[in-house]
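Trainee: One structure is given below, represented as structure tokens, and several questions about it will come after.
Taken together, the values in this text are just the output of simple stated rules run on the coordinates, not laboratory data. What you see is a predicted model, and the numbers here were worked out from it, not measured in a lab. Cβ sites come from the backbone with ideal geometry, for glycine too, and all protein chains shown count toward neighbours.
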Amino acid sequence: MDLSLFYDIYIIDEFLRLKREAEIMPRYKTGFHNGTPVIRKYTGFGSNRSRLDTHISGNNYAEMLKELELYDKRMRIMDEFSEEIKRRHLLVPRDFKFIRDPSVFNVKAWESFESCSNAREVNTGYYDGYGFNVRSRGEMMVGNALKELGLEAKYEPALLLKGGRKRNPDYSFPVRIIDRCFFVEFMGMTDDDDYLENNYWKSDEYMRNGILPNRDLILISGTKNWIPSHESLKRKIANFINDAVLSAYERKV
């Protein structure tokens, strides 16, 4: 399975996430003050910038040293992503013209969702790659595919719809490069008439709330005796993300 395009998108997306986090984090440097080693912590920028020096003999030096190590590690990871972007000759979003999709479900919305918010108890013994106790083997396989693709995900998030209705799609995940989040529903008993009717009304409700299949929602079907393979699930999700990103950006002329 060729996922090279998906991984290009993932590399840019992860680099942007790290960059945004770094922009609001304190910055650390080592130096000397009167010949004594110090760690300097910087916050803010410009006229709002402040600096805190901690000497090697200071009470909070050990704590500051740990923060420095974490900061250096994050910067090394960012450098690795930056070098990989250069090596692959990739273009980051500033090189694109952004075309906002009409969906209102962006990354900020995803971050506000509460995971595992379905009141129905789960006690199946199935755990996905994120550690969520899920309701079926099929959901577990979907979660494993999302995890293996390197995606952040929330299981059964609380999604408020028109009229105060609440739905709990199986999974939701963000794609930060286009400031969007998406939903996944696994319909595992499509050979059962009652199950199909219930999911028909669920799908209708999603669409009436602007959550459209193939744009905002990935629908994955199975039966009582058949589930798509792990590789086919990964391919379906990766292709969906590729299409979403490619349709959201245009190269500048």
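Trainee: Rounded to the nearest 5, what % of the DSSP beta bridges within the chain are antiparallel ones? Walk me through the numbers on the way to the answer.
Mentor: Values: 28 of 34 bridges.
Counting only bridges with both partners in the chain, antiparallel ones make up about 80 percent.
Trainee: Still on this structure, I have one more. Taking the alpha-carbon distance from residue 29 and a cut-off under 20 Å, which lysines remain once sequence neighbours fewer than 8 residues away in the same chain are dropped?
Mentor: Straight-line reach from residue 29, under 20 Å: 19, 41, 66, 73.
Trainee: Can you give the local net charge around residue 207? Use residues other than it whose beta-carbon is closer than 11 angstrom to its beta-carbon, Lys and Arg +1, Asp and Glu -1.
Mentor: The answer is 0.
Trainee: Hey, another quick one. Which number comes out as Rg/Rh for the chain once both Rg and the Kirkwood Rh are worked out on C-alpha atoms?
Mentor: Details: Rg = 22.4 Å, Rh = 21.0 Å.
On the Cα set of the chain, Rg over Rh gives 1.07.
Trainee: By how many degrees, between 0 and 90 and to the nearest 10, does the Cα long axis of helix 193-208 differ from the longest principal axis of the chain?
Mentor: Long axis of 193-208 versus the principal axis of the chain: about 50 degrees.
Trainee: Fewest Cβ neighbours within 10 Å first, please rank 241, 77 accordingly.
Mentor: 77, 241
Trainee: Also, I was wondering about something else. Tell me the angle of helix 230-248 to the major Cα principal axis of the chain, expressed in degrees between 0 and 90 and rounded to the nearest ten.
Mentor: With both axes taken from Cα atoms, the answer is about 70 degrees.
Trainee: Between 0 and 90 degrees, rounded to the nearest ten: what's the tilt of helix 4-24 against the longest Cα principal axis of the chain?
Mentor: 50
Trainee: Give me P(r) over the range 140-253, computed from all C-alpha to C-alpha distances, binned every 10 Å, as integer percentages.
Mentor: 12, 43, 34, 9, 1, 0
Trainee: Now for a separate question. Which longest run of the chain has no exposed loop site in it, a site being trypsin sites (Lys or Arg not before Pro) in a DSSP loop with at most 11 other beta carbons within 10 Å, and the site itself not part of the run? Mind showing how you got there, number by number?
Mentor: Details: sites that count: 49, 100, 120, 165, 224, 252.
It runs 166-223.
Trainee: Would you mind working out the magnitude of the charge dipole of the range 152-227 relative to its Cα centre, with +1 at each Lys and Arg C-beta and -1 at each Asp and Glu C-beta, to the nearest 20 Debye?
Mentor: Numbers: 11 positive and 13 negative charges, 97 e Å.
Charge dipole of the range 152-227: 460 debye, to the nearest 20.
Trainee: So how strong a dipole does the chain carry about its Cα centre when Lys and Arg Cβ are +1 and Asp and Glu Cβ are -1, to the nearest 20 debye? Intermediate values should be presented prior to the final figure.
Mentor: Details: 40 positive and 39 negative charges, 238 e Å.
Here the size comes out at about 1140 debye.
Trainee: Can you give the translational diffusion coefficient of the range 4-90 in µm²/s, computed by Stokes-Einstein from the Kirkwood radius over Cα pairs at 20 °C and 1.002 mPa s?
Mentor: Working: Rh = 14.8 Å.
Value of D from the Cα-based Kirkwood radius: 145 µm²/s.
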